[in-house]
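Asker: If you scroll down you'll find the structure; I have some questions about it.
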Amino acid sequence: MNASTGSTAASASTSVGGTSVKDAQLEELSRSFAFTTRLDDIIAWGRKNSLWPMPYGTACCGIELMSVMGPKYDLARFGAEVVRFSPRQADLLIVAGTITEKMAPILVHIYQQMLDPKYVISMGACASSGGFYRAYHVLQGIDKVIPVDVFVPGCPPTPEAVLDGVLALQRLIATHQPRPWKDNWKAPDYAQLG
Amino acid sequence: MHSLDNLKKELSSVVKATTFSQYKFSESLGHGVLELPKEDIVPVIRFLRETGKFDFLMDVCGVDYPERQKRFDVVYHLFSSKTYQRLRIKVALAEGEEIDSITPFWKGANWFERETFDMFGIRFRGHPNLIKLLTHHQFVGHPLRKDYDADAQQHCDSALPIHFEPDPNYVEDGRSLVPLNIGPSHPATHGTLRVMVELDGEKIHRANVELGYLHRCFEKMAETHPYNQVIPYTDRLNYCSAPLNNVAYCKTVERLLGVEVPPKAQAMRIILSELARVIDHIVCIGANAVDLGALTTFFHLFTYREKVYTLFEKLCGARLTVALTRIGGMAQDAPPGWFNDVMQTVKEIRKGVDELDTLLSGNKIWIQRTQGVGAISADEAIAWGYTGPCLRAAGVSLDLRKADPYYMYGQLDFEVPIGSTGDVYDRYLVRVAEMRESLKIVEQVCKNIPEGDYTIRDRGIVLPEKKDVYGNIEGLMNHFMLIIKGLRPPVGEIYDATEGANGELGFYLVSDGSGRPYRLHVRPPCFAIYQSFSQQVTGGLVADVISVLGSMNLIAGELDR
Ligand code: SF4
């Protein structure tokens, strides 16, 4: 459960628990109250079906990502067609392509500008691990600098695989999966926002 | 070669006799080679340029031979668009030695020299802005030196602030100018380009670009992989038209090996290349248009691109990065009926191109946003090293498929469309016309698919078929030997070029006779073109930046390598 779903649950429980009952046991009981879990689910349902992706296409995978958005594969069918090029308006960062050492600080910066709740899909071998570029100028996986929710394998992944990745993320949102990689993430030292 | 003798005679009259005795003339696989001492590079280049013997500077790069006393070679490749001859000039330099920059003669030498400095630490005296080009600003060392480890990463923790090239003519006149940064993450920069401008209202006062955000070390990777394993890396140079890169690379190695691929392989290569050219132009025009607000074109064109990808997928299973060529031919034959599918798709795409023509060519908004924007004269374009559609849009009819026909291009019927002003609109028109020509080529080839094998069967070059590997001991042994020993071209070097979708795509390969390239340098067409960007947009409106950027068809993969 991430930060904002947590706060919704809390406010719901006080409004229910606001009827003079202060008993710890009841408090406990109210957490499992049908209404609160439902609200969470509704929010998750809305969230998962209206992801606004920011495509961070840097290389070949970015070209394949165009196909995912394009007419044949049509990401719109899964509610994620509102492509935003401003990180502040997006809640899903799709990193599609090689991230070089030179690009890494910029990627972190972009990620930091996104508002919670936010998710990251790493598309392709390069973004996930450096791919077949075990090379002096290539970051060996974006999870070294930002938290990743879904890794999509392939070089480039087929559009079907990317859709599958989006669906996997949707499941993750729907089932309120804990995301320790995100919760425990610390921005690299250089990227501490003053 | 008589022209080399001529050159020798003429040069002997312009340079000092004492140094001329050190010149070495030779011929290598059809190209003239001239080795000379570093002091003479400027007079010789000046002579060749000013007499018009060679009008194009195609490439400058370095090679490192650590065991030699003069450790580095600086290698220049010149080309003449009149005689279609090529000349390679090599200059040996010891560590710490400087060489004169040739930027006064060809502006296009600028980035090539900067790259050579970045990769090898070779300094060019008199270069206007000799700073790093591809590696990040905190990177220490020169990665293409043989003593730099391929996987020694160095982290970067910041981006450079907005900066401009030093310009002696620049005057601070007290106006308040607004610096503006575009990219490297910006929807109109297609990947990883960074553009920095200084604005006076809407007008661009100064502009600069920064490269290297997608520097994936292609050349170092090539040095650490066997010849055939380099092919997938070439796919990822210009990933919008991957087969063109595969063909260009394999053709280079084959030429060094002295083999010719069978007619069927040639036919397949041509089909793949021309289809790739079509989709490359589709991406270029589609993206150019979408950046200027024409979303329909983008979606409409991409339907046809999908169709070509479907063809590629049928052929080999991959859509984008096909890697279907092998040194010596193709990896496999086309499945039954594939050529008919191609014919069918070509018909559909032709309709699509006609529709595109109707949608854009007469569209007022499109015309107003592109006509007169980014115009460039033929001479300027040549000085910068333009090739391909951008050069042809400026009125120079140069296409390697005609000029120096390889494979069956010589027997095919097609035109080389040219423009006149070199502006964004002409570039667009040239690309549309080229798509039609490419479709014509594909049809001609498809109608006449040669019989025979899809690859040569030389045991030292091509792996045996799987049925032989698993079916008999010879096949197994052959496979084993080739994998263990690797394909080994003879010692030597070669520069070979093909007509890529963006222009001349050249590979310079140095072989030391081992199983891996000693040095593989690629001359990416958009690299030379992009150099002129700052000059092209200065004085224009900020909105034109996007239109010019799109028309240059910059693919970060080949730009940064
Ligand atoms: S994973 Fe493959 S296709 Fe994707 S960016 Fe890397 S090299 Fe290109």
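The values are calculated or read from the model by the stated rules, or taken from the named source; none is laboratory data. Just so it is clear, the structure is predicted and the values come from calculations on it, not from any experiment. No Cβ is skipped: glycine too gets one built from the backbone with ideal geometry, and neighbour counts run over all protein chains shown. The accessibility values were calculated without ligands, DNA or RNA, using every heavy atom of the protein model including side chains. Shrake-Rupley method; radii C 1.70, N 1.55, O 1.52, S 1.80 Å.
Asker: What is the Cα centroid distance between segment B:367-423 and segment B:489-520, reported in whole angstrom?
Answerer: Result: 24 Å between the Cα centres.
Asker: When only C-alpha pairs under 8 Å and at least 6 residues apart count, what is the relative contact order of segment B:419-561, in percent?
Answerer: The value is 14 percent.
Asker: In what order, largest first, do A:144, B:402, B:132, B:251 sit by accessible area if the probe radius is 1.4 Å?
Answerer: A:144, B:402, B:132, B:251
Asker: Let me ask something additional. Give me the aspartates and glutamates in straight-line cross-link reach of residue B:351: C-alpha distance below 14 Å, same-chain residues under 8 apart excluded.
Answerer: Candidates past the 8-residue exclusion: B:437.
Asker: Shifting gears a bit: For segment A:52-186, just the Cα atoms, rotate onto the principal axes and tell me the three extents in Å, largest first.
Answerer: So the extents along the principal axes, rounded to whole Å, are 40, 33, 25.
Asker: If you don't mind, there's one more thing I want to ask. Quick check: at a probe of 1.4 Å, how many percent of the accessible area of the protein assembly as shown sits on carbon and sulfur atoms?
Answerer: Roughly 55 percent of what the probe reaches on the protein assembly as shown is carbon or sulfur.
Asker: Give the peptides B:79-90, B:152-163 in descending order of average Cβ contacts within 10 Å, highest first.
Answerer: In descending order of packing, they fall as B:79-90, B:152-163.
Asker: Starting from 0.36 nm per residue, how many nanometres of slack lie between residue B:303 and residue B:444 once their C-alpha separation is accounted for?
Answerer: That works out to 48.4 nm of additional length.
Asker: Express in whole angstrom the spacing between the alpha-carbon centres of segment B:234-269 and segment B:1-52.
Answerer: Here the answer is 32 Å between Cα centres.
Asker: Looking at segment B:148-245, which trypsin sites (Lys or Arg not before Pro) are in a loop (DSSP not H, G, I, E or B) and have at most 10 other Cβ atoms within 10 Å?
Answerer: B:175
Asker: Filter the GluC sites (Glu not before Pro) in segment B:453-542 down to the DSSP loop ones having no more than 14 other Cβ atoms within 10 Å, then list what survives.
Answerer: Passing sites in segment B:453-542 are B:465.
Asker: Also: If R0 is 35 Å, what FRET efficiency do you get for residue B:173 and residue B:377 from their C-beta distance, rounded to 0.05?
Answerer: Plugging the Cβ-Cβ distance into 1/(1 + (r/R0)^6) gives 0.80.
Asker: A further question on this structure: Between residue B:473 and residue B:67, what length comes free when the chain is fully extended (0.36 nm per residue of separation minus the Cα-Cα distance, one decimal in nm)?
Answerer: Full extension from residue B:473 to residue B:67 adds 142.0 nm.
Asker: Then there's this: Kindly provide the helix-only [θ] at 222 nm of chain B, computed as the sum of -39,500 (n - 2.57) over DSSP H runs of four or more divided by all residues, to the nearest 500 deg cm²/dmol?
Answerer: Using -39500 (n - 2.57) per qualifying helix, the result is -12500 deg cm²/dmol.
Asker: Also: What does the structure give for B:155-164 when I average, per residue, the other chain Cβ atoms found within 10 Å of the residue Cβ?
Answerer: Per residue, the average neighbour count from other chains is 4.
Asker: Considering the dipole of chain B built from charges on the beta carbon (Lys and Arg +1, Asp and Glu -1) around the Cα centre, which of B:57, B:221, B:390 is farthest to its positive end?
Answerer: About the Cα centre, the residue reaching furthest to the positive side is B:221.
Asker: What is the Rg over Rh value, at two decimals, for chain B, using alpha-carbon atoms and the Kirkwood definition of Rh?
Answerer: 0.96
Asker: Below 28 Å Cα-Cα, how many Lys pairs turn up in segment A:52-186? Only count pairs eight or more apart in sequence, or on different chains, if you could.
Answerer: 10
Asker: With only alpha-carbon atoms counted, please give the Rg and Dmax of segment B:414-490, in Å.
Answerer: 22.2, 63
Asker: Binning at 10 Å from 0, report for the protein assembly as shown what percent of all alpha-carbon pair distances ends up in each bin.
Answerer: 3, 13, 23, 25, 19, 10, 4, 2, 1, 0, 0
Asker: Now, a different point. Per residue of A:51-60, how many C-beta atoms from partner chains lie within 10 Å of its own C-beta, taken as a mean?
Answerer: Mean partner shielding for this stretch: 5.
Asker: While we're looking at this one, here's another question. Quick one: compute the contact order of chain B, relative version, from alpha carbon pairs under 8 angstrom and 6+ residues apart, as a percent.
Answerer: 16
Asker: Using the Cα gyration tensor of segment B:219-552, with a ≥ b ≥ c the square roots of its eigenvalues, what is the shape: rounded (a/c below 1.5), prolate (a/b larger than b/c) or oblate (neither)?
Answerer: prolate
Asker: Set the Förster distance to 45 Å, then compute FRET efficiency between residue B:368 and residue B:155 from the Cβ-Cβ distance, nearest 0.05.
Answerer: Efficiency computed from Cβ-Cβ geometry: 0.45.
Asker: Roughly how many whole Å is it from the C-alpha centroid of segment A:134-148 to that of segment A:38-75?
Answerer: 22
Asker: Starting from the Cα of residue B:95, move 7 Å in the Cα-to-Cβ direction to define the label point; list residues of segment B:146-174 whose amide nitrogen is under 15 Å from there.
Answerer: Within reach of a label on residue B:95: B:146-149.
Asker: Now for a different question. Can you list the HN-Hα couplings for segment B:501-510, worked out from phi with the Karplus curve (6.51, -1.76, 1.60; θ = phi - 60°), rounded to whole Hz and with x for Gly and Pro?
Answerer: Listing the rounded values in order: 5, 9, x, 5, 9, x, 10, 10, 10, 10 Hz.
Asker: From the backbone phi of segment B:107-113, what are the Karplus-calculated ³J(HN,Hα) couplings (6.51 cos²θ - 1.76 cosθ + 1.60, θ = phi - 60°) in whole Hz, Gly and Pro given as x?
Answerer: In residue order, the calculated couplings are 4, x, 6, 3, 6, 4, 5 Hz.
Asker: How much net charge surrounds residue A:100 when only other residues with a Cβ under 12 Å from its Cβ are counted (Lys, Arg +1; Asp, Glu -1)?
Answerer: Charge balance near residue A:100 sits at +1.
Asker: Read phi for every residue in segment B:298-307 and hand back ³J(HN,Hα) as whole Hz from Karplus 6.51 cos²θ - 1.76 cosθ + 1.60, θ = phi - 60°, with x for Gly and Pro.
Answerer: 4, 5, 5, 5, 5, 4, 6, 4, 4, 5
Asker: Let me ask you something else. Please sort by residue number the chymotrypsin sites (Phe, Trp or Tyr not before Pro) in segment A:67-142 whose DSSP state is loop and whose Cβ has at most 15 other Cβ atoms within 10 Å.
Answerer: Those satisfying the criteria are A:85.
Asker: What is the calculated FRET efficiency for residue B:27 to residue A:175, with r their C-beta to C-beta distance and R₀ = 60 Å, to the nearest 0.05?
Answerer: 0.30
Asker: Please get the size of the charge dipole for chain B, origin at its Cα centre, with Cβ charges of +1 on Lys and Arg and -1 on Asp and Glu, quoted in debye to the nearest 20.
Answerer: 740
Asker: Rounded, prolate or oblate: pick one for segment A:126-185, where a ≥ b ≥ c are the square roots of the eigenvalues of its C-alpha gyration tensor, a/c under 1.5 means rounded, and failing that, prolate if a/b is larger than b/c, else oblate.
Answerer: Cα axes put segment A:126-185 in the oblate bin.
Asker: How many Cβ atoms of partner chains, on average, are near each residue of B:306-319 if near means within 10 Å of its Cβ?
Answerer: So the per-residue partner count for this stretch is 2.
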